[in-house]
Each structure stands twice: as C-alpha cells, then as structure tokens.
1. Out of (1) open to solvent by less than 30 Å² (accessible area, probe 1.4 Å); (2) more than 20 Å from A24 (Cα to Cα), what's the single condition that is false for V98?
2. Quick check: anything in region 57-65 open to solvent by less than 20 Å² (accessible area, probe 1.4 Å), at pLDDT 90 or above and in contact with a Gly (Cβ under 9 Å, 6 or more places away or on another chain)?
3. Test R71 against the stated conditions and say whether it is charged (D, E, K, R), without any contact (Cβ under 8 Å) to a residue 60 or more places away in the chain, closer than 21 Å to A114 by Cβ and in contact with a Ser or Thr (Cβ under 7 Å, 6 or more places away or on another chain).
4. Give just the number: which of (1) modelled with pLDDT of 95 or more; (2) loosely packed, with under 14 Cβ neighbours inside 10 Å; (3) not hydrophobic (A, V, I, L, M, F, W, C) does S30 not satisfy?
5. When region 35-56 is examined, which residues are found to be under 12 Å from the mean Cα position of the chain (by Cα) and modelled with pLDDT under 90?
6. Return the residue satisfying two criteria in turn: it lies in region 101-115 and is outside any loop (DSSP other than H, G, I, E, B) and closer than 21 Å to R26 by Cβ, and of such residues it is most open to solvent (accessible area, probe 1.4 Å).
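The values are calculated or read from the model by the stated rules, or taken from the named source; none is laboratory data. These figures come from a predicted structure and were not determined experimentally. Neighbour counts are summed over all protein chains in view; Cβ atoms, including those assigned to glycine, are modelled from backbone coordinates with ideal geometry. Heads up: the accessible areas ignore ligands, DNA and RNA and are worked out on the full protein's heavy atoms, side chains in. Shrake-Rupley method; radii C 1.70, N 1.55, O 1.52, S 1.80 Å.
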Amino acid sequence: QVQVVESGGGLVQAGGSLRLSCAASRSFFSIDDMGWYRQAPGKQRELVASFASSGVGNYADSVKGRFTISRDNAKNTVYLEMNSLKTGDTAVYYCRAVRGAYNYWGQGTQVTVAS
C-alpha cells in the first residue's frame, strides 16, 4: 500500500506561480508511476503531469512549457512547479501513485487562480 499527501495549494493571481508537493509513504523504487491530476468543478479528472519509471515526464498539452514535474528520491516526494498560471488552471490537484495493479490517491489540494 502507498499513502500520498499533497500540499502547497492556495490562491494566486493569474501569471503567478505555485509549487505543489506530494510525499509518498514508500520509496520511489517500489512505485511504478507517480503523477499529478486535477479536477475542476463540473469536469472530469485529467492528467496534468506524470513520471514513468523511466524518469521521463509526461505533460498535458495545456500545461506544457508552464508546469514542470520533478522528484526528490531521498524524500520520496514529487513536485509540480506551476508558472504563468491561468484562471483555467483552477482545480483540485491530486497526486496519484501506481504500484502494481493499484492506484493510490491523495486527498487533493485546491489551487485557485484569480484574474
């Protein structure tokens, strides 16, 4: 089993930046994939960025060039650096860990971008 805990959300003006953190309860060596998803009101949850075991980042087209996913293996933590934020980025952001056939989700952190 894997527990993941997100932090770092908040209210920011359009054009601003935020960094989200996701701490996992297990070493990344025992996790197959970690990533960030978001869900805006009335919309389906969507992939924002993820890391495959290869270490290559994968991004949604809407955030390419603005968001960067990174990780600290020593801290079992994945980060999402969000720059040039837009009002359309407003959502609850979730961290997901995949281990074998199972998905583990955090409780989510709210990101609100004001115009």
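1. It is condition (2) that V98 fails.
2. no
3. It is false that R71 is charged (D, E, K, R), without any contact (Cβ under 8 Å) to a residue 60 or more places away in the chain, closer than 21 Å to A114 by Cβ and in contact with a Ser or Thr (Cβ under 7 Å, 6 or more places away or on another chain).
4. Going through (1) modelled with pLDDT of 95 or more; (2) loosely packed, with under 14 Cβ neighbours inside 10 Å; (3) not hydrophobic (A, V, I, L, M, F, W, C) one by one, S30 breaks only (1).
5. F51 - this is the single residue of region 35-56 that is under 12 Å from the mean Cα position of the chain (by Cα) and modelled with pLDDT under 90.
6. Y102
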